[in-house]
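Take this structure first; my questions come after.
The values are calculated or read from the model by the stated rules, or taken from the named source; none is laboratory data. Keep in mind that what you see is a predicted model, and the values were worked out from it rather than measured. We place every Cβ from the backbone using ideal geometry, glycine too, and count neighbours over all the protein chains shown.
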Amino acid sequence: MGFRIDILLEDNVIIEIKSTETLLNVHKKQLNTYLKLSGKKLGVLVNFNVNVFVNKENLIRIIN
């Protein structure tokens, strides 16, 4: 069973894109799993189903 990263930026940062009303813990855990399996240190979880990205609920940085 494999996994599929949405965007890999500069071979260092995993960007996981969602379009949901709210980001749940399962989305954070999914990105954390991608980080662990790929050996990358930094990931960004982005929710595009919002008007503004400035709050911490819609744009989340995860460091492994």
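Every residue, every condition in (1) surrounded by fewer than 11 Cβ atoms within 10 Å (Cβ to Cβ); (2) more than 10 Å from the chain's Cα centre (by Cα); (3) at pLDDT below 95, yes or no:
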residue: 22; (1), (2), (3): no, yes, yes
residue: 37; (1), (2), (3): no, yes, yes
residue: 42; (1), (2), (3): no, no, no
residue: 49; (1), (2), (3): no, yes, yes
residue: 60; (1), (2), (3): no, no, yes
residue: 64; (1), (2), (3): no, yes, yes
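Now for a different question. Note down all Cβ pairs under 6 Å where the first residue falls in the stretch 41-57 and is on the phi < 0 side of the Ramachandran plot, the second is outside any loop (DSSP other than H, G, I, E, B) and among the acidic types (Asp, Glu), and they're at least six residues apart or on different chains.
45/16
In the stretch 1-31, how many are under 17 Å from residue 48 (Cβ atoms) and part of a loop (DSSP other than H, G, I, E, B)?
Residues that pass the stated criteria total 8.
Name the single residue that is farthest from residue 64 (Cα to Cα) among those in the stretch 1-40 being among the small types (Gly, Ala, Ser) and free of Cβ contacts under 8 Å to residues at least 12 places away in the same chain.
Step by step, filter the stretch 1-40, then rank; the result is 2.
Filter the stretch 1-33 for residues that are under 12 Å from residue 62 (Cβ atoms) and in contact with a Lys or Arg (Cβ under 8 Å, 6 or more places away or on another chain) and give the result.
13, 14, 27
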